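Please read the structure below before turning to the comments.
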Amino acid sequence: MTQNRAPTPPKIQGWCPGALRPMESGDGWVVRVRPLAGRLSPAQARGLAQIAQAHGNGLIDVSARANVQLRGISSMTSHGAVVAALRALGLLDDNAEGEAQRNVILTPFWEHGDGAFDLAQALSAALTDPAAPRLPGKFGFAVDLGAAPVLRAVAADIRLERAPGGVLVFAASAPSGAMVPAARAVQTALDLAQWFIDTGGISPDGRGRMARHLASGAALPPAFCAHPIAPAAPFAPQLGLTGQGALVALEFGQMTAQVLTALADLGPLRITPWRMVLIEGAQALPDSAALITAPDDPRLRITACTGAPACPQAQGATRDLARRLAPHVPQGQMLHLSGCAKGCAHPALADLTLTATPQGFDLVRGGRAGDTPSHRHLSMPQILQALHAP
């Protein structure tokens, strides 16, 4: 009877951890640090590594929202010391409410002097103002002001992109947006956020996302229907040297404090939403076995959450299995390995998704972790067979 019991539905928190509002996990408190515009100075990166070593388990995650998470913070007593250290590094917001609002992802390929970093800073400051719209905890902004968009596949509710004539501000999933001068882009984004609130985008439980709101029939203001959004070519980040520095990847988006310290010695760091780090100004790739630098590394074809036992909601371990499966993932496909049906590590569609259950792993093709699987309760040999099936 117990073997056939349905898995307990995962608890949906509806909010993301922060530095001032940590989240309890299986390995202690998770403290999420949101570097301003996704950039860490060498001193800030070294300081984070020291905090992770002194007050946590020494493991540091890079999230899909281009944030940095310290894991294993042992107690609220340690959390107080972490808060003090983060404040000294200039990595702390004034309060938890402002911190929760400052969900801004900036393209890591910005250039000094192109205005993108300044705009992301200005938007972040505006969102933490007490007069700013009070948005749901997962509501986010993407500042994508490069020559071509690179963040279209990254989850965001309001997007700002460079276009002929200024900055195009538009709602996620909308076919059109508002074209404004760069000096008005922040206020225009805030106006769109306020419209989202005023038209019922936030549900009674405090949650809400822009795409779902538009799908429910909400009609955008005329200003945001004036300029069609041009389609963008699919973007996949390529490891190696770029015009801004060296782009390297982390296995499953996680590194140790020692690795972060070594990266800090190479220059300022730009945190990306692809669980990669761009070493600003670097002229050569670092030689480290702890980093992924080869574009054909099979681990780049797989995404895996923390899994059991570090996550209390996970129905099974994920990381060791992911390492075993990576060489078997077909070229050109991506496998998402999730410890539960929430799919935190990759909320979007994946070519293949393995979701842990008490009876084994379920396989979903072309869907998400919580979708109906095509195969249930697979063992390791069955998983390998399914991965190679047409």
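Here are a few things to note about the model shown:
- Within the accessible surface of the chain, defined with a 1.4 Å probe on protein heavy atoms only, the carbon and sulfur portion equals 55 percent.
- Average accessible surface for segment 180-220: 54 Å² per residue, computed with a 1.4 Å probe over protein heavy atoms with every protein chain in place.
- Take the Cα of Arg212, go 7 Å toward its beta carbon, and the backbone nitrogen atoms of segment 369-387 under 15 Å from that spot belong to 370.
- Backbone HN-Hα couplings from phi across segment 44-56 [Karplus 6.51/-1.76/1.60, Hz, Gly and Pro as x]: 5, 5, 5, x, 4, 4, 5, 5, 4, 6, 7, 10, x
- With a simple spin-label model that places each label point 7 Å from the Cα along the Cα-to-Cβ direction, the separation between Ala125 and Thr199 comes to 3.0 nm.
- Using 0.36 nm per residue and subtracting the Cα-Cα separation, the extra length available between Asp296 and Ala88 on full extension is 70.9 nm.
- Label-point separation in nm, Gln283 to Asp371, each point 7 Å along Cα→Cβ: 4.7 nm
- In this simple spin-label approximation, Asp118 and His388 carry label points 7 Å from Cα along the Cα→Cβ vector, and these lie 5.7 nm apart.
- Length gained when the stretch Ala348-Arg323 is fully extended (0.36 nm per residue, less Cα-Cα span): 6.9 nm
- Mean-position separation - Cα centroids, segment 73-144 and segment 188-206, in angstrom: 20 Å
- Compared with the direct C-alpha span, the chain from Ala147 to Thr242 gains 32.8 nm at full extension, assuming 0.36 nm per residue.
The values are calculated or read from the model by the stated rules, or taken from the named source; none is laboratory data. Note that the structure is predicted; figures quoted are calculated from it, not measured. Ideal geometry is used to build each Cβ from the backbone, glycine not excepted, and the neighbour counts take in all protein chains shown. With ligands, DNA and RNA removed, areas are computed over all heavy atoms of the protein, side chains included. Shrake-Rupley method; radii C 1.70, N 1.55, O 1.52, S 1.80 Å.
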